[in-house]
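Encoded as structure tokens, the structure appears first; notes follow it.
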Amino acid sequence: MTVLELRDVRKTYPGVDALAGLDVSVARGEIVALLGPNGAGKTTTFELLLGLIRPTSGDVRVFGQEPGGRVRTRIGAMLQAAGLPDQLQVRELVRLIGRGYPTAVRVDEVLARTSLTKRATRTVKSLSGGERQRLLLALALVGTPELLLLDEPTAAMDVASRRTFWEQARASVADGATILFATHDLTEAAAVADRVVVVAGGRVVADTTPDALTHHGDDDLEEVFLALTNESSTAADEGDDR
Ligand SMILES: Nc1ncnc2c1ncn2[C@@H]1O[C@H](COP(=O)(O)OP(=O)(O)OP(=O)(O)O)[C@@H](O)[C@H]1O
């Protein structure tokens with residue numbers, strides 16, 4: 001079953017083609033990494049899937065429906081620029097967000113799963129960068145999501161937190177969820193994802209397994225990534241100058 005699909009999607013801002021004909025499809029139970037240099041269009045893709053913005057042209061479907069509206073309650077999301085109410089306590093915020101979903105997990109369970117039990121009565125403002133990321137994961141998980149959209153979810157996390165993070169994310173997949181995540185950490189992508197989609201200049205330049213991308217480990221992942229994305233970023237930069 002296809003969980004999400006973008007077909008020939010363009011998103012144009014004045015002077016910028018954020019997406020220039022993007023084709024991505026993710027099936028149920030997959031963990032897919034979205035890789036790409038700064039400005040490649042990763043965050044724009046998440047915003048479209050959440051219905052926060054609309055495509056200039058092309059088709060975006062989530063669970064076969066237009067993004068936004070009721071389908072939003074089937075998605076848990078971690079976005080880079082997520083603003084949080086700083087004065088609320090961690091537990092209060094998780095409870096509040098859980099109320100917006102038809103099938104919320106118990107607050108204490110979510111806090112335990114994200115190692116935030118000891119921070120439950122702290123204000124959001126007082127959290128460290130990594131703790132804040134864990135809180136964002138707790139908010140993404142509280143609605144028992146069928147789809148997790150995670151934009152650079154482990155940025156700012158230490159090694160132990162990253163490990164716990166992916167254990168929790170995988171547990172959600174074992175329960176039937178699907179994950180699309182963006183990262184700049186190629187090693188993490190290769191270790192975690194079933195499939196990597198490399199985006200550059202608003203288009204997909206590779207869509208394959210981590211193993212196939214490196215020809216079964218024969219090639220250096222970083223070199224492959226740079227070779228794939230350099231050509232397209234150069235083309236996009238030239239386009240900007242016209
Ligand atoms: N609201 C906006 N107005 C104008 N340009 C935008 C807007 N949002 C995104 N862009 C532009 O669209 C392009 C794609 O941006 P996007 O944030 O999707 O990239 P990204 O792959 O997430 O990058 P990063 O790795 O830096 O987070 C960039 O050139 C960006 O400047």
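Any read-out appearing in this document is the output of simple, stated calculations on the displayed coordinates, not a laboratory observation. Model, not experiment: these values are computed from the prediction. Using ideal geometry, Cβ is built from the backbone for each residue, glycine included, and neighbour counts are taken over all protein chains shown.
For the peptides 174-183, 87-96, the ranking by mean Cβ contacts within 10 Å, running from highest to lowest, is 174-183, 87-96.
For the pair His216 and Asp158, a Förster radius of 25 Å applied to the C-beta separation gives a FRET efficiency near 0.20, rounded to the nearest 0.05.
Adding -39500 (n - 2.57) for every DSSP H run of four residues or longer, then dividing by how many residues the chain holds, sets the calculated 222 nm ellipticity at -10500 deg cm²/dmol. With the highest mean first, a sort of the peptides 193-201, 126-134, 159-167 on other beta-carbon atoms found within 10 angstrom per residue produces 193-201, 126-134, 159-167. A dipole drawn for the chain from +1 and -1 charges on Cβ atoms has a positive end, and of Leu139, Phe181, Gly21 the residue lying farthest that way is Leu139. Dipole magnitude for the stretch 94-242: computed about the Cα centre from +1 point charges on Lys and Arg Cβ and -1 point charges on Asp and Glu Cβ, it is near 1540 debye. Spin-label model, Glu223/Ser25: points 7 Å from Cα along the beta carbon direction are separated by 3.4 nm. Shape analysis of the chain places it in the prolate category; the axes a ≥ b ≥ c from the Cα gyration tensor give an a/c of at least 1.5, with a/b above b/c.
Listed by chain and number, the aspartates and glutamates placed with their C-alpha closer than 16 angstrom to that of Lys42 are Glu5, Asp8, Asp17, Asp23, Asp151, Glu152, Asp185, Asp207; residues fewer than eight positions away on the same chain are left out. Net length available on complete extension from Asp108 to Asp175 is 22.2 nm, with 0.36 nm assigned per residue and the Cα-Cα distance removed. First check a/c for the stretch 83-123, with a ≥ b ≥ c the square roots of the eigenvalues of its C-alpha gyration tensor; if it is under 1.5, answer rounded, and if not, answer prolate when a/b is larger than b/c or oblate otherwise. In terms of gyration-tensor shape, oblate.
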